[in-house]
Every structure is written in C-alpha cells, then in structure tokens.
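Asker: Quick one: this structure, given as structure tokens, is what I'll be asking you about.
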Amino acid sequence: MGRNRFFVFSRRLNREVRLYNSLKYDHWVLTESDVSVMNYCERPLEIKVSVAGKVVETVFDMWIKSEIEEKFVFIRYSYEIDPDIKRSSEQAIYEMYAQKIWFAENNKTHCVLTEEDIRHNPTIIENKKLCFLFSSRFLR
C-alpha cells in the first residue's frame with residue numbers, strides 16, 4: 001500500500017482522506033462531489049471471514065450513506081478479480097468473496113466497483129478534479 005497514495009482534504013468531512021491507488025482516488029472524486037451523498041468513510045471496517053476453509057482478512061474500501069441507501073464498496077481493477085485472467089489476484093478474489101459472505105450474513109448492501117464502473121466517463125472525473133483544484137486555491 002505504499003505506491004500511488006493520495007492524501008486529500010474532504011470539505012464534506014472536514015478532514016484528510018487517505019486513498020491507496022488512483023482508482024480509489026477517482027472514486028473519491030465522484031463521491032465527494034455527489035450531492036446525494038450525505039456521509040462517507042474510507043476504509044471503515046476490517047473483517048475476518050472464513051472462505052473455503054481459509055480465514056480472510058479484508059477492509060472495505062468505502063462506506064457511503066446517501067439519501068436513498070447505505071452501502072459498502074469494494075474497489076478493484078477488473079483484472080484483479082476475474083479468475084479467468086492470469087494476472088488476477090487470488091487475495092483480491094478471496095477478499096471479494098469474504099465481503100459478499102459478510103454482507104449476506106449481516107443484511108448490508110455491498111457494491112463491487114471496477115475501473116469500468118468508475119472511469120466510464122473520464123471527462124467528468126477530470127472536470128471535477130479541476131474544480132477541486134481551483135476551489136482549494138481560492139480558499140487560501
């Protein structure tokens with residue numbers, strides 16, 4: 001978790017938010033700028049779940065509460081969680097299954113997002129990043 005770390009200030013939360021790759025940063029940009037989001041937290045909870053006889057530790061990437069729902073989000077690149085791809089990550093696949101099991105047992109909403117979901121419109125993300133950049137410069 002040392003590469004591509006982002007430390008950003010959330011005006012909504014009034015605190016620093018730490019994100020651990022560019023995909024999670026792009027997701028944060030969309031979450032922070034979404035007016036329907038009432039509250040959120042990055043890396044809100046760590047769980048341990050047994051998956052196929054193996055204890056798997058995993059941390060949710062984000063918890064989001066909006067006007068209509070409350071959900072936990074798991075964010076990974078699609079190649080990491082596709083078992084048919086040689087580059088897939090066995091750990092990421094186990095984490096995804098562990099979270100799905102935990103959500104089923106705890107009656108919570110779970111959402112798996114990949115770059116295809118988050119970056120389907122890169123122009124919007126880049127425009128929102130520019131808005132954050134300009135608004136932070138004029139606040140000083």
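Asker: Any idea which residue in region 15-43 is nearest to Glu116 (Cα to Cα), counting only those that are aliphatic (A, V, I, L, M) and in contact with a Ser or Thr (Cβ under 9 Å, 6 or more places away or on another chain)?
Answerer: Result: Leu23.
Asker: Looking only at region 94-131, count how many residues are out of contact with any strand residue (DSSP E or B) (no Cβ under 7 Å at 6 or more places or on another chain), in a helix (DSSP H, G or I) and closer than 20 Å to His27 by Cα. Give the steps one after another, and end with the answer.
Answerer: Start the filter on region 94-131 by keeping residues that are out of contact with any strand residue (DSSP E or B) (no Cβ under 7 Å at 6 or more places or on another chain), which leaves 104-107, 114-131.
Remaining after also requiring in a helix (DSSP H, G or I): 104-106, 115-118, 122-131.
Still in the running and closer than 20 Å to His27 by Cα: 115-118, 122-131.
Selection size over region 94-131: 14.
Asker: Then there's this: Taking Tyr77 and the conditions (1) in contact (Cβ under 8 Å) with a residue 40 or more places away in the chain; (2) loosely packed, with under 14 Cβ neighbours inside 10 Å; (3) within 23 Å of Lys129 (Cβ to Cβ), which numbered condition does it fall short on, given that it satisfies the others?
Answerer: (2)
Asker: Condition first: within 20 Å of the chain's Cα centre (by Cα) and without any contact (Cβ under 8 Å) to a residue 12 or more places away in the chain. Now tell me which residues in region 103-123 satisfy that.
Answerer: Ala104, Asn106, Asn107, Asp117, His120, Asn121, Pro122, Thr123
Asker: Arg12 is checked against (1) within 18 Å of Thr114 (Cβ to Cβ); (2) part of a loop (DSSP other than H, G, I, E, B) and fails just one. What number does that condition carry?
Answerer: (1)
Asker: Hey, another quick one. Could you run through region 68-92 and say how many residues are at pLDDT 95 or above and β-branched (Val, Ile, Thr)?
Answerer: Residues flagged as at pLDDT 95 or above and β-branched (Val, Ile, Thr) within region 68-92 amount to 3.
Asker: Is it fair to say Glu46 is touching a strand residue (DSSP E or B) at 6+ places or on another chain (Cβ under 9 Å), loosely packed, with under 13 Cβ neighbours inside 10 Å and within 17 Å of Asp117 (Cβ to Cβ)?
Answerer: When the stated conditions are applied, Glu46 does not pass them.
The values are calculated or read from the model by the stated rules, or taken from the named source; none is laboratory data. Just so we're clear, the structure is a prediction, and the values are computed from it rather than from any experiment. Cβ atoms come from the backbone with ideal geometry, glycine included; neighbour counts cover every protein chain shown.
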